[in-house]
Amino acid sequence: MHEISLAAEILHLIEQARGKDPFERVKYLRLEAGALSGVDISALRFAIDSMVPGTCLADADIEIDETPAIAWCTHCSQSVQMRDRLDICPHCGDAQLQPKGGTELRVLELRVV
Ligand SMILES: [Zn+2]
C-alpha cells in the first residue's frame, strides 16, 4: 500500500530533523495532503498510527489536512478549485483544467518538546 511508504517517509523526515536539532519528542504534527496527491487520508492515518509506537511520535497529536487543488482553466482563463482529477470547471464546464498544486504531501507544522 502506497500510504505505508508515505508514512515511513514522514517518520524518516522527522528522525532526520531530530538528528540535526535534537528534541525529546514530537508534540504536534500537521500534514497537508493535496486533493490530487492520491493519498487516502484514513489509510495514511492508519499507517502512521501503526508505525509510531516506540518512536518520538508516539504521543504526538497528528492532524492531516486535505487541501483542495488549484487548477487553471484554459477556457475561461481563471483559477478554480479542484477536488478530483476528473473535475470540470465550475464556471464553463470545460474539462481541460491544468492542476497548479495540491499534488503533494508535506509537513505543515511540527512542534516538539
Ligand atoms: Zn472554465
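Taken together, the values in this text are just the output of simple stated rules run on the coordinates, not laboratory data. Here the structure is a predicted model, which is why all the values come from computation and not from measurement. Glycine also receives a Cβ, built like all others from the backbone with ideal geometry; neighbour counts cover every protein chain displayed.
Computed 3J(HN,Hα) for segment 22-31, one whole-Hz value per residue from the Karplus formula 6.51 cos²θ - 1.76 cosθ + 1.60 where θ = phi - 60°, is x, 9, 6, 7, 8, 8, 8, 9, 10, 10, glycine and proline marked x.
Using R₀ = 35 Å, calculate the FRET efficiency as 1/(1 + (r/R₀)^6) where r is the Cβ-Cβ separation of residue 113 and residue 81; round to 0.05. Here the calculated transfer efficiency is 0.45. Normalising the average separation of contacting C-alpha pairs (under 8 angstrom, six or more residues apart) by the number of residues puts the relative contact order of the chain at 37 percent. Ranked by the mean number of other Cβ atoms within 10 Å of their residues, highest first, the peptides 79-88, 5-14 fall in the order 5-14, 79-88. Near residue 27, the amide H atoms lying under 5 Å from its own belong to 111, 112, 113; only residues 5 or more places off or on other chains count, and H is placed 1.01 Å from N. In the chain, the DSSP-assigned H stretches of four residues or longer account for a calculated mean residue ellipticity at 222 nm of -8500 deg cm²/dmol, using -39500 (n - 2.57) per stretch and the full residue count as denominator. Shown in residue order for segment 92-109 are the 3J(HN,Hα) couplings computed by the Karplus curve 6.51 cos²θ - 1.76 cosθ + 1.60 at θ = phi - 60°: 10, x, 6, 9, 8, 8, 9, x, 10, x, x, 9, 10, 10, 8, 8, 8, 8 Hz (x for Gly and Pro).
For the chain, the residue among 68, 55, 16 whose Cα projects farthest onto the positive side of the dipole built from Cβ charges is 16.
Sequentially through segment 13-20, phi angles give Karplus couplings (6.51, -1.76, 1.60; θ = phi - 60°) of 4, 6, 5, 5, 4, 5, x, 6 Hz, Gly and Pro residues having no value and appearing as x.
Indicate the gyration tensor shape class of the chain (rounded, prolate or oblate), computed on the Cα atoms with a ≥ b ≥ c the square roots of the eigenvalues: a/c under 1.5 is rounded; otherwise a/b larger than b/c is prolate and the rest oblate. Could you put the intermediate results ahead of the total?
Details: a/c = 3.42, a/b = 2.54, b/c = 1.35.
Prolate is the answer for the chain, as a/c is 1.5 or above and a/b outweighs b/c.
Near residue 52, no amide H atom lies under 5 Å from its own; only residues 5 or more places off or on other chains count, and H is placed 1.01 Å from N.
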